Amino acid sequence: MSILKPELKRKIRKLKQFENTVKAQNNIDPGASSVWDKFFDLRETGKSTAMYSLTALTKMTKNEYKSVIDEYFARVYYEIYIHKGIINAPVYDPELLKQLDLPPIADRETVKKRFRDLAKKHHPDKGGNPENFIKLMNIYQELSVQ
């Protein structure tokens, strides 16, 4: 990606401002856990539990970067919907979708199809790892309950 680190830092910091604004508009405690903190670390040290460091972001292609930002927005709004108690539409936990390598906007049919493909691959009767299969089953069960 051709964005320079200082410019990228500004863009990513604006996301944090956005999240704080949206939380304030929805009466969510600003001290509540931040999606931004889970996603981004703009320090040069690289010693963080965040999903994306500044260095990793600068090495991404435009499409990879766009996917990260889409995932971030989906997670912010997912948390707001949970807080407001309005998750009764088919909206899935983006963290679970990511584990299935699905986009945050995946629909029920897409989830079901991906589950079936992965179940065939990981099923112990087909030579798959039983632990991976159990993990897959647990993820699908969580998604089915939502």
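What is the fewest-to-most order of ILE12, ILE86 by other Cβ atoms lying within 10 Å of their Cβ?
Ordered by Cβ neighbours within 10 Å, fewest first: ILE86, ILE12.
Please identify the longest segment of the chain free of exposed trypsin sites (Lys or Arg not before Pro), where exposed means a DSSP state other than H, G, I, E or B and no more than 15 other Cβ atoms within 10 Å.
Answer from the scan: 60-146.
Please compute the length gained on full extension between ASN132 and ASN20, using 0.36 nm multiplied by the number of residues separating them and subtracting their Cα-Cα distance.
Once the chain is fully extended between ASN132 and ASN20, it gains 36.6 nm.
Between the DSSP loop rule and a limit of at most 13 other Cβ atoms within 10 Å, which GluC sites (Glu not before Pro) in the range 1-73 are left?
Loop-located and lightly packed - GLU44.
How many nm separate the modelled label positions at ASP29 and ASP70, each set 7 Å beyond the Cα in the direction of the Cβ?
A separation of 3.4 nm, rounded to one decimal place.
Could you tell me the calculated FRET efficiency between LYS113 and GLN141, based on Cβ-Cβ distance and R0 = 22 angstrom, to the nearest 0.05?
With a Förster radius of 22 Å, E is 0.85.
FYI, it's all coordinate maths here, none of it is from the lab. Computed from a prediction, not measured in an experiment: that's the story for all the values here. Reconstructed Cβ throughout: ideal geometry from the backbone, glycine too, with neighbour counts over all protein chains shown.
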